[in-house]
Amino acid sequence: MPDQTDLLLRRILTDVLGLKPGQADTFDADTGLFGHLPELDSMAVAGLLTELEDRLDIIIEDDEIEGEMLETYGGLRSFVEAKRGS
Amino acid sequence: MLPASWPCPLPDGQASKEFALCRDTSRQRRLLIVPALFDEGNKLRRFTVEVMRRLDAAGIDTFLPDLPGCNESVRPLHEQTPAIWIESMAAAARHFGATHVLAIRGGSLFAPRFLPVVHYAPVKGAAILRQMLRARVLASRESGNEENRDTLVEQAMAHGITLAGYPLGAEFFRNFDVLTPAPEADVIDQTEIGGSGLWLRAEPDENPAQAECLATILTRRIRQ
């Protein structure tokens with residue numbers, strides 16, 4: 001069974017970063033996000049987190065947002081998976 | 001597509017000139033477009049104009065006014081209130097003789113209600129502020145300055161606040177937070193357009209297929 005969280009996360013990143021279809025499939029755990037992609041500034045990250053909340057039905061508190069979770073794709077996925085309890 | 005100016009009422013009863021982008025050939029169907037707000041307004045500007053071009057080809061005149069304090073407006077943003085914005089869009093609708101209104105995202109909160117209104121992906125004021133507050137907390141943290149959302153809200157309610165580069169007055173913040181789109185409006189959801197909304201993009205983008213789709217749906221609905 002495909003990992004729903006992983007699929008949704010790739011889809012949301014595709015939407016926020018305006019990636020071509022399939023481009024997010026190449027992301028691995030070490031792919032850099034915040035700090036590596038110039039377009040992902042604080043406003044874009046705020047949008048990304050809000051979108052994660054809406055589509056994954058989770059609530060992200062401000063004090064939960066740490067550099068580590070946003071630094072790589074793997075970090076963000078681990079955070080979201082923990083949030084979803086999967 | 002030509003720039004035009006229109007008299008926007010001031011709280012003291014006078015009027016100031018505001019800018020609007022217009023395609024006016026005196027046709028029967030005249031659509032006022034209330035733009036998306038703040039950062040989303042920038043991201044959707046090109047898309048909005050692309051929709052206007054397609055509506056022109058479909059025989060519909062369009063008018064895209066600035067909200068006072070935004071875009072080309074010389075009025076200070078921090079002096080604006082939701083009541084001023086509601087009144088300004090009503091004045092624009094009257095000035096241009098609009099027969100219909102399209103309100104985009106947060107623009108839905110300021111759409112004149114005395115005309116048939118279509119909302120594209122409407123959003124509540126609270127949702128917009130929440131995201132802007134989050135961006136402020138993140139940006140501050142990045143620069144080594146911890147800020148707390150509750151404290152920021154208190155500060156905003158009392159003295160106003162600058163969020164994502166937009167200085168918002170206290171009255172604006174208090175009254176904007178509780179605004180919701182009119183429930184009776186005709187809503188075009190993003191699922192009808194296909195793909196993801198361009199306001200989600202980290203950088204402004206364009207999408208001719210989405211512009212075409214929104215224009216087609218609008219042309220159909222405005223005809224009714």
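Working ranking of peptides B:91-103, B:3-15, B:207-219 by packing, defined as the average number of other Cβ atoms within 10 Å per residue, highest first, is B:91-103, B:207-219, B:3-15. Taking only alpha carbon atoms, the protein assembly as shown gives an Rg to Rh ratio of 0.99, where Rh is the Kirkwood radius. Close amide-amide hydrogen proximity is noted between residue B:8 and B:16, B:17, B:18, each under 5 Å apart and 5 or more residues distant or on a separate chain (H modeled in the peptide plane; Pro and chain starts excluded).
In the stretch B:56-71, which residues have a backbone nitrogen under 13 Å from the label point lying 7 Å from residue B:4's Cα in the Cα-to-Cβ direction? Of the residues in the stretch B:56-71, B:61-66 have backbone N under 13 Å from the label point off residue B:4.
Cross-link partners for residue A:20 among the lysines, with Cα-Cα distance under 21 Å and sequence neighbours closer than 8 places in the same chain left out: B:43. Remark: mean inter-chain Cβ contacts per residue of A:32-39 equal 1, using a 10 Å Cβ-Cβ cutoff to other protein chain atoms. Taking packing as the residue-averaged number of other Cβ atoms within 10 angstrom, the listed peptides B:112-119, B:43-50 run from highest to lowest as B:43-50, B:112-119.
Projecting label points 7 angstrom from Cα along Cα→Cβ for residue B:216 and residue B:178 puts them 4.3 nm apart.
For the stretch B:148-207, the gyration tensor built on C-alpha atoms gives an oblate shape. Its axis ratio a/c (a ≥ b ≥ c) is at least 1.5, and a/b is not larger than b/c. What the Kirkwood sum gives for the stretch B:110-200 is a hydrodynamic radius of 15.0 Å, with every pair of different alpha carbons counted. With θ taken as phi - 60° and the Karplus curve 6.51 cos²θ - 1.76 cosθ + 1.60 applied, the whole-hertz 3J(HN,Hα) list for the stretch B:69-74 is x, 10, 6, 8, 4, 8 Hz, x standing for glycine and proline. A simple rule links phi to the HN-Hα coupling: the Karplus curve 6.51 cos²θ - 1.76 cosθ + 1.60 with θ = phi - 60°, which for the stretch A:23-33 gives 4, 5, 5, 7, 5, 10, 4, 8, 4, x, 10 Hz, with x for Gly and Pro.
Gyration tensor analysis over the Cα atoms of the stretch B:1-111 returns equivalent ellipsoid semi-axes of 22, 16, 12 Å (largest first, whole Å). Note on chain B: with a GNM built from Cα contacts shorter than 10 Å, the maximum mean-square fluctuation among B:34, B:74, B:51 falls on B:74. Highest-first packing order for the peptide set B:144-151, B:79-86 is B:79-86, B:144-151, based on the mean count of other beta carbon atoms within 10 Å. Rounded to the nearest 500, the 222 nm mean residue ellipticity of chain A from helices alone is -16500 deg cm²/dmol, with -39,500 (n - 2.57) taken per DSSP H run of at least 4 residues. By the helix-only formula, in which each DSSP H run with n ≥ 4 contributes -39500 (n - 2.57) and the sum is divided by residues, chain B has a 222 nm mean residue ellipticity of -13000 deg cm²/dmol.
The share of C-alpha pairs in chain A whose separation exceeds 14 Å stands at 62 percent.
Computed from Cα atoms, the angle from the helix B:125-142 axis to the main principal axis of chain B rounds to 50 degrees.
A Gaussian network model of chain B, with springs between Cα atoms under 10 Å, assigns the largest mean-square fluctuation among B:185, B:111, B:164 to B:164. Axis of helix B:38-57 versus longest Cα principal axis of chain B: the two differ by about 0°, to the nearest ten degrees. Computed across chain B, the Kirkwood radius stands at 18.0 Å (inverse of mean 1/r, all Cα pairs). Normalised by the number of residues in chain A, the average gap of Cα pairs under 8 Å and 6 or more apart makes the relative contact order 36 percent. Contact order, relative form, for chain B: 22 percent (alpha carbon pairs under 8 Å, 6 or more residues apart, mean separation divided by residue count). Applying the Karplus relation 6.51 cos²θ - 1.76 cosθ + 1.60 with θ = phi - 60° to the stretch B:20-35 yields 3J(HN,Hα) values of 8, 9, 10, 10, 10, 10, 6, 7, 5, 9, 10, 9, 7, 10, 8, x Hz, where x marks Gly and Pro.
Other protein chain C-beta atoms within 10 Å of residue C-beta, averaged over B:200-211: 4.
Counting, for every residue in B:134-143, the Cβ atoms of other protein chains within 10 Å of its Cβ and taking the mean gives 6.
Just so you know, all these numbers are worked out from the coordinates, no wet-lab data involved. These numbers come from a predicted model, not from an experiment. With ideal geometry, Cβ positions are generated from the backbone for all residues, glycine too; neighbour counts draw on all protein chains shown.
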